[in-house]
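Enquirer: My questions will all concern the structure given below.
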């Protein structure tokens, strides 16, 4: 009863203002989400923690208020990894304790648009002896969904067509995956 009454009110209101009525009460438009997960040492990732607002994700990640013009399309390494830029770097006195380091962001749409997945590690970035990977995106909402990416903390990202780093490969900190659009099933980050 409540649902049909609400639908009738929504239809009447839509008619009065000239907007189309929603077919389902409570139905909403698609909202971009911005998620973060820690890449684990064994080639996996922690469960995603998601936010409706990218600035809220950065605030939680860094413990600092992000710059006012920050969006998911324009984050710099300094925005996401301020602890790496403090005097003496990540291990300096006064540096954020146990600060996560962002090594990349994968995006749902080309041009760094749509929903985003921020990839972080415990500390540091890519070095000649340290790299990171997610051997399979299967079972996540990001398998065969990535269309663009940014990289940080001295890392170059390798986006692979199949799990366990098989098939086609796209080296990317790029605004378009081109032929690999919506085809990534594993990711590796290494020093370029």
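The values are calculated or read from the model by the stated rules, or taken from the named source; none is laboratory data. Just so you know, these numbers come straight off a predicted model, no measurement behind them. With ideal geometry, Cβ positions are generated from the backbone for all residues, glycine too; neighbour counts draw on all protein chains shown.
Enquirer: Restricting to the range 144-188, name every residue that is crowded, with 22+ Cβ neighbours inside 10 Å and either out of contact with any strand residue (DSSP E or B) (no Cβ under 6 Å at 6 or more places or on another chain) or assigned to a strand (DSSP E or B) (or both).
Expert: Residues of the range 144-188 that are crowded, with 22+ Cβ neighbours inside 10 Å, as a first pass: 146-153, 155, 157, 159-160, 172, 184-187.
Listed by number, the residues that qualify are 148, 149, 150, 151, 157, 159, 160, 172, 186, 187.
Enquirer: Let me ask another. Answer yes or no as to whether residue 81 is loosely packed, with under 14 Cβ neighbours inside 10 Å, modelled with pLDDT of 50 or more and closer than 19 Å to residue 173 by Cβ. Step through it out loud before you land on a result.
Expert: Working: loosely packed, with under 14 Cβ neighbours inside 10 Å: no; modelled with pLDDT of 50 or more: yes; closer than 19 Å to residue 173 by Cβ: yes.
So residue 81 fails the test.
Enquirer: Just checking, which of 127, 140 is farther than 18 Å from residue 45 by Cα and either in the same structural domain as residue 59 (by TED's automatic domain parsing) or modelled with pLDDT under 95 (or both)?
Expert: Details: 140 fails: farther than 18 Å from residue 45 by Cα.
Being farther than 18 Å from residue 45 by Cα and either in the same structural domain as residue 59 (by TED's automatic domain parsing) or modelled with pLDDT under 95 (or both) holds for just one of 127, 140, which is 127.
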